[in-house]
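Novice: Before anything else, here's the structure in question.
Read-outs throughout are calculated quantities, based only on the coordinates presented, and are distinct from any laboratory measurement. Keep in mind that this is a model prediction, so the values were computed, not measured. Because the Cβ atoms are built from the backbone with ideal geometry, glycine has one as well, and the counts that use them run over all protein chains shown.
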Amino acid sequence: MAKEKSKVKIIPLGGLEQIGMNITAFEYEDEIIVVDCGIAFPEDEMLGIDLVIPDFTYLKDNMNKIKGIVLTHGHEDHIGSLPYLLKEMNVPIYGTKLTIGLVENKLKEHNLLRSTRRKVVKQGQTIVLGNFKIEFIRSNHSIADAVALAITTPAGIIIHSGDFKIDYTPVYGDVINLQRLAEYGKRGVLALLCDSTNVERPGFTMSEKTVGKAFDTIFSENKRSRIIIATFASNVDRVQQIINSASKFKRKIVVEGRSMINVVNTASELGYLKIPKNTLIEAEEMKNFRDDQIVVISTGSQGEPMAALSRMAYNNHRKITIRAGDLVVLSSSPIPGNEKTVSRVINELFSKGAKVIFQDTHVSGHACEEELKIMHTLVKPKYFIPVHGEYRHLKKHSELAEDLGMKKKNIFIMNSGDVLELDDKKGEIVDKVPADAVLVDGLGVGDVGNIVLRDRQHLSKNGLIIVVVTISKQSAEVVAGPDIISRGFVYVRESETLIEDAKKVIREALDECLNKKITDWSRIKSTLKEALSDYLWKQTKRNPMILPIIMEV
């Protein structure tokens with residue numbers, strides 16, 4: 001009797017309930033492959049946090065099972081946290097040429113280049129990692145060399161769409177290989193994991209080529225202005241179209257912003273960007289040319305405070321200042337949550353006398369509703385898992401699958417950390433693994449948790465009061481103090497009465513403790529805290545953080 005096949009497990013460790021931080025583990029018996037390994041950018045309430053990475057606990061606990069990391073494309077939300085994972089374990093990485101090129105930039109920064117095994121895979125090629133056979137299927141996205149993955153396991157075939165759109169006239173490379181996806185659909189697909197970012201938008205996503213036409217129009221209508229265009233550094237096709245328009249209108253190009261310089265260098269070295277000779281100049285050389293001979297390609301289309309465009313807008317940029325008559329083009333749409341910062345930058349640019357264009361110079365890199373229907377219809381999966389989106393996107397995408405005839409019980413809206421077990425008979429969520437976001441602050445990874453964040457939020461809203469008291473060891477009497485130091489609560493010089501009365505409250509609370517012969521420091525501290533907190537709330541209706549410091553002499 002033939003041995004019964006095992007089930008395949010799908011374990012998303014990020015990329016659900018949010019846009020960004022995409023990472024999924026696929027497990028069959030005692031082998032695991034990881035697809036993508038991205039970062040998310042901090043939300044407003046994550047004070048002081050630089051970036052957010054996935055929780056690698058499950059992968060660390062199963063390190064010896066991992067056969068490799070497979071990448072769909074080179075965007076930060078798919079490759080950004082690789083260095084943090086590779087510091088924990090040495091696993092080979094597989095990706096297309098441009099993706100690996102961008103990963104190598106990261107590995108250099110983290111001194112991991114020599115120790116990490118990297119394998120460049122062409123679109124259309126298949127690799128074998130243990131029980132997993134993975135075909136890299138050509139796809140379209142807002143960065144060249146993107147792929148969808150067909151993962152063949154003994155339990156069945158899984159298709160992972162990666163980030164994709166169907167672009168019949170791509171700027172670089174060929175159209176997404178729909179024929180190959182259809183062939184897999186004919187063979188029978190166990191499960192489809194599909195990008196949900198634009199599921200709420202009806203129709204089709206416009207081709208990236210349409211942006212090139214918009215740039216040509218902008219250049220011809222603004223022949224006298226210096227033109228500054230901000231876009232995502234990783235949108236190589238967009239950068240190519242700016243270069244095309246610039247050379248058509250005989251303008252020199254300045255590239256600004258660290259990530260933009262990195263991507264332009266990598267993409268042009270690997271042949272994904274064609275830059276005519278003598279077109280690129282350094283920012284210092286701009287003074288040798290008239291305004292109408294210059295285009296600046298810059299980062300900062302999302303209003304990020306440290307990016308090149310924001311620094312130009314607020315006069316903090318060392319080399320470029322915005323002047324009246326400049327034309328600034330924001331070639332992107334604000335990521336949800338960034339609208340305010342983007343509009344602040346736009347206002348700042350207008351106030352400097354610049355003209356700003358922020359419409360009709362961007363198309364998305366993600367599939368809209370009709371393209372998603374094409375994907376579902378070609379692949380015809382037994383099970384469907386919507387990925388890459390907030391809960392509302394996943395819900396809408398599951399409804400779309402139902403409209404196309406899929407049974408509700410075969411659709412799984414998962415949370416990060418859920419373990420989905422599948423075979424051709426049934427699918428069910430059988431377990432949960434750790435999948436909390438890990439916060440990176442400076443060089444600290446994961447040392448800022450919820451409690452520290454809560455303290456930061458408390459401090460940012462209500463300020464801090466430090467109470468310093470010195471007590472004699474022998475007589476248990478107050479020798480000095482209490483002194484009160486206030487930071488971010490009230491301005492001491494203008495609130496002398498409040499501070500003096502607060503000192504009285506502390507003295508009374510202290511005397512009470514000492515009279516009762518309480519010598520336990522933590523009890524004295526909490527008594528002081530409570531007394532002062534009550535008093536300040538009555539007087540100011542504010543709740544500052546209170547830190548009592550007691551010294552013994």
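Novice: Grab region 209-357 and count how many Lys pairs have their alpha-carbon atoms under 14 Å apart, sequence gap of 8 or more, or different chains.
Specialist: Step by step, the pairs that qualify in region 209-357 add up to 11.
Novice: Which one of VAL121, CYS368, PRO386 is farthest out on the positive end of the charge dipole of the chain, using unit charges on Cβ (Lys, Arg +1; Asp, Glu -1) and the Cα centre as origin?
Specialist: Farthest towards the positive end: VAL121.
Novice: Taking loop as defined by DSSP and a crowding limit of 16 other beta carbons within 10 Å, which GluC sites (Glu not before Pro) in region 66-161 fit?
Specialist: On the way: sites: GLU76, GLU88, GLU104, GLU109, GLU135; in loops: GLU88.
Filter output for region 66-161: GLU88.
Novice: Let a ≥ b ≥ c be the square roots of the eigenvalues of the Cα gyration tensor of region 258-332; is it rounded (a/c under 1.5), or, if not, prolate (a/b larger than b/c) or oblate?
Specialist: Working: a/c = 1.93, a/b = 1.24, b/c = 1.55.
Oblate shape, in that a/c is at least 1.5 and b/c is the bigger or equal ratio.
Novice: Give the cross-link partners of LYS538 among the lysines, using a straight C-alpha distance below 21 Å as the criterion and excluding same-chain residues fewer than 8 apart.
Specialist: The qualifying lysines are LYS461, LYS503, LYS504, LYS525, LYS529.
Novice: Which shape class applies to region 88-234: rounded if a/c is under 1.5, otherwise prolate when a/b exceeds b/c and oblate if not, where a ≥ b ≥ c are the square roots of the Cα gyration tensor eigenvalues? Mind dumping the intermediate values first?
Specialist: Details: a/c = 2.71, a/b = 1.36, b/c = 1.98.
Cα axes put region 88-234 in the oblate bin.
Novice: If you don't mind, there's one more thing I want to ask. Rounded, prolate or oblate, given the Cα gyration tensor of the chain, with a/c below 1.5 counting as rounded? Walk me through the intermediate numbers first.
Specialist: Details: a/c = 2.38, a/b = 1.36, b/c = 1.75.
The shape class here is oblate.
Novice: Out of all DSSP beta bridges in the chain, what portion is antiparallel? Express it as a percent rounded to 5.
Specialist: 50
Novice: Can you tell me the relative contact order of the chain? Whole percent, Cα pairs under 8 Å, sequence separation 6 or more. Please report the intermediate quantities before stating the final value.
Specialist: Numbers: 1150 pairs, mean separation 84.4, N = 553.
Normalised by residue count, the contact order of the chain is 15 percent.
Novice: Charges only on Cβ, +1 for Lys and Arg, -1 for Asp and Glu: so what's the dipole of the chain about the Cα centre, in debye to the nearest 20?
Specialist: I would put it at about 1280 debye.
Novice: At most 15 other C-beta atoms within 10 Å and a DSSP loop state: those are the exposed chymotrypsin sites (Phe, Trp or Tyr not before Pro) I care about. Give me the longest piece of the chain that has none.
Specialist: Values: sites that count: TYR168, PHE289, TYR314, TYR491.
Here the longest segment lacking exposed loop sites spans 315-490.
Novice: In the chain, which helices (entire DSSP H runs) extend 20 Å or more along their own long axis, judged by Cα positions, while averaging at least -0.5 on the Kyte-Doolittle scale? Working shown, then result.
Specialist: Numbers: long enough: 496-515 (28 Å, -0.34); 521-540 (28 Å, -0.79).
Span-like helices here: 496-515.
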